[in-house]
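J.: Structure incoming, see below.
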Amino acid sequence: MYVEERAIRLCQQGDKAEFRVIIYLHNSRLFKRALYTTHNPALAEEAVQETFIRAWKRIRSFKPGSNIGAWLSRILVNYLIDEHRKRRVETAPLEAAIGLSDGSGSTESAVILDDKLKQLLRLIAELPIDQRIPVVMRYSEGFSLAQIAETTGWKLGTVKSRLNRAMKQLNKQFQAASEPIASSKQWVGRKS
């Protein structure tokens, strides 16, 4: 993408105005990832802002030709993990986080998601952050295992084991209430 490459080059030369192009191109994707991870719009917004601040400070270290989206995602993931460790980030109710509830408790919002989906999303939100991040990236955003490894800086085997542990945990908890989601091998072992 020529516009992005030009913006990166100019930012590396100190042009702050061009950083707006990078923000414009990547803001919504980063916000979506942060929201799925924190389940709190205010914390997600804070995480994205901090990601862009850190990216601007380090823009000269970005290697031209590399994937800036992956670079920004890695900054975001590292920030979310650091913040989680620092303050054990509190989460908002899931319905509010994904915009299904206006806080009134209306039945319209409750009908939108069926009980099993609500339960699954709640269980994902309860996963440890090092398991939640790859689950969100894989099944919400469609990242391949290799892309998750590149974005997070984890080894491929680490990504696979964290997804496997997450799926076993989700199946165990989901099975206690109803039926299994899928085998962990089915989820982790898909070709990508």
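J.: Just to be sure I understand, how many residues within segment 154-178 are under 15 Å from Ile133 (Cα atoms) and surrounded by 16 or more Cβ atoms within 10 Å (Cβ to Cβ)?
T.: Number satisfying all stated conditions: 11.
J.: While we're on this one: Of all residues in segment 53-68, count the ones that are among the β-branched types (Val, Ile, Thr) and touching an Asp or Glu at 6+ places or on another chain (Cβ under 8 Å).
T.: Number satisfying all stated conditions: 1.
J.: With the structure loaded, tell me whether Ser104 is modelled with pLDDT under 80, assigned by TED's automatic domain parsing to the domain that holds Ala34 and surrounded by fewer than 16 Cβ atoms within 10 Å (Cβ to Cβ) or whether it fails that test.
T.: yes
J.: Mind listing whichever residues of segment 144-165 are touching a residue at least 40 places away in the same chain (Cβ under 8 Å) and not polar (S, T, N, Q)?
T.: Matches in segment 144-165: Leu145, Ala146, Glu150, Gly153.
The values are calculated or read from the model by the stated rules, or taken from the named source; none is laboratory data. Since we're looking at a predicted model, the values are computed, not measured. Note that we place each Cβ from the backbone using ideal geometry, even for glycine, and neighbour counts take in every protein chain shown.
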